[in-house]
Amino acid sequence: MFRQRMTVGELAWLKGETRIRPLHVATLLIFEVPDDPPPQYMRDMVQSLRASTDIADPFNRRILNPSLLPFMPFWVKDFDLDMEYHIRHQALPAPGGERELGGLIARLQSNPLDFYRPLWEFHIIEGLEDNRFAIYFKMHHAIVDGVSGVRMLERTMDRTPDNPDTPPIWVEGKKSGNSGPQNHELQDSKKPSKSAARFSTITHAGKGLANVMAAILDEDDPYTLPFQAPMSIFNHRVHSQRRFATHLIEFERIRRLAKLSNCTVNDVVLALCSGAIRRFLSDLCSLPGRSLTAGIPVSLRAADDQGSGVAVSFIVADLGTNIADPLRRLKNITDSTKRAKQAISGMDKSAIELLNNALLSPMLLQAALGLEGRTKPGFNLIISNVPGPKDVLYFRGARLAAMYPVSQVSHGQALNITCYSYAGNMAFGFSACRDTLPRMQRLAVYTGEVLEELERAVDKEAAS
């Protein structure tokens, strides 16, 4: 029998899962049905997808024995998948609007994956208004992160609507596998020895820790560290059910603000989320007097790395939620993120991972002791911005109109905001614990209102 030992990270993600806290990530894809589709277009698509049984890694990978997971941390290959289980056909009462679709996605996201099967599901959802359908694809975080997931989806789609037989993602992945930069490294005769590389990693991580200590001693340093966050309603224990909301913004509006404000696109995204959170918590009379902080995932994946797996680290940013003025809030965020990036500049992947493991070790200890959501949070929420495809994509003749991230939440992190850029738009996905955050759609609406407020403020400053 083929066996592959799990990495420490994969095992940690799997062992962190509970019924209340499933640790999968997902993407919601909205498609336009092509003109003059054949009869039973959706039914035929589902049957064709279920017939695609040449399954590639990691889609044929399952846990050897979930009940003995800590003692037998191995993957095995499953060559006899139940395709009717993995590929589900759903329908909304027509015409299904955003509210109905959001409710269905929230329920699907609340359900854990079956550890006795390969850790993915593919849901085709028909009945959306305006002659559209959706695909909800989820996979466990132990075998995919946001960047690799988007790249996998992008590789399985076409740039034209002319291909009626686009191979599904579980087949297409076989073409790329986990090759990429690893092969180039093996061929590099100038690659340093393991001992030299280890020494360089420790040296750079040590410099990073020294940088942290200097920031602690300097009250004016904008470097934001873990555990500087105040308690908020986001930072308690979560329950099993989820809420999900979406918002779509034209990407050029965000890029224009970034250019006029001399900051990054990600800084503007953080400012929009910060302003929306400030309004949302004010409505609930729950806005802390101190600023909230956000954990920002940083991809450690090379641009040409087409593999799956997880390659993510974190920086922490001050969101300025205690600042009413939108321009001052954006400046505060920009200063914080610049300082965080400066702290890891010049480091390689291994050094960044070592430094972050040291900084986030108290959070790992919280998780190990079951103290998440019961003690001070490392940061208040996660906000992530994942670059997506720039070109319009198609799947079996259907145009991809929008793609939304559906992220996992955890004890002490009841809200997760993730963004995908795609074909000239920025799609915001708001995932939350249902019992913690009522009226989640308001948070999405506030994001658009904060964008308009920030545009007015930036234009006024540019004109003066």
What does the accessible area per residue of segment 1-53 come to in Å², with a 1.4 Å probe and no ligands, DNA or RNA counted? 58 Å²
Please turn the phi angles of segment 424-436 into ³J(HN,Hα) values with the Karplus equation 6.51 cos²θ - 1.76 cosθ + 1.60 (θ = phi - 60°), one per residue in order, whole Hz, x for glycine and proline. x, 10, 10, 9, 9, x, 9, 10, 8, 5, 4, 7, 8
In whole Hz, with x marking every Gly and Pro, tabulate ³J(HN,Hα) for segment 371-379 from phi via Karplus 6.51 cos²θ - 1.76 cosθ + 1.60, θ = phi - 60°. 9, 4, x, 10, 10, 4, x, x, 7
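Where does each of 248-258, 324-334, 393-403 land if you order them by average Cβ count within 10 Å, highest first?
Packing order, densest peptide first, comes out as 393-403, 324-334, 248-258.
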Rg/Rh for segment 72-142 to two decimals, with Rh computed the Kirkwood way over all alpha-carbon pairs. 1.07
Counting only protein heavy atoms and using a 1.4 Å probe, what share of the accessible area of segment 64-160 belongs to carbon plus sulfur, as a whole percent? 49 percent
Can you compute the modelled spin-label distance between Asp80 and Ser286, with each label point 7 Å from Cα toward Cβ, in nm? 4.9 nm
Sorted by chain and number, the residues with a modelled amide H under 5 Å from that of Phe314, at a separation of 5 or more or across chains, are Val298
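Compare the peptides 65-74, 383-392 by average per-residue count of other Cβ atoms within 10 angstrom and give them in order, highest first.
Averaged packing, sorted descending, gives the order 383-392, 65-74.
Between their Cα atoms, which of Lys15/Lys376; Lys259/Lys390; Lys15/Lys138; Lys341/Lys460 are more than 28 Å away from each other?
Table pairs above 28 Å Cα-Cα are Lys341/Lys460.
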Explain nothing, just compute: Karplus ³J(HN,Hα) = 6.51 cos²θ - 1.76 cosθ + 1.60, θ = phi - 60°, for every residue of segment 111-124 in order, whole Hz, x for Gly and Pro. 8, x, 6, 7, 5, 8, 10, x, 8, 7, 9, 9, 10, 9
Projected label distance in nm at His239 and Asp130, using a 7 Å step from Cα toward the beta-carbon: 3.4 nm
Long-range HN-HN contacts of Gly320 with modeled amide H, under 5 Å: Leu292
Placing each pseudo-label 7 Å from Cα in the direction of the beta carbon, Arg19 and Ala51 end up separated by a distance in nanometres of 4.0 nm
Hey, any idea what the orientation-averaged projected area of the convex hull of segment 1-100's Cα atoms comes to, in nm²? 9.4 nm²
Quick one: which residues, 5+ away or cross-chain, put their amide H under 5 Å from the amide H of Thr418? H built at 1.01 Å from N. Ser384, Gly429, Ser431
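The values are calculated or read from the model by the stated rules, or taken from the named source; none is laboratory data. From a predicted model like this one, the values you see are computed outputs, not experimental measurements. Cβ atoms come from the backbone with ideal geometry, glycine included; neighbour counts cover every protein chain shown. Side chains are part of the model used for accessible areas, which takes the heavy atoms of the whole protein and leaves out ligands, DNA and RNA. Shrake-Rupley method; radii C 1.70, N 1.55, O 1.52, S 1.80 Å.
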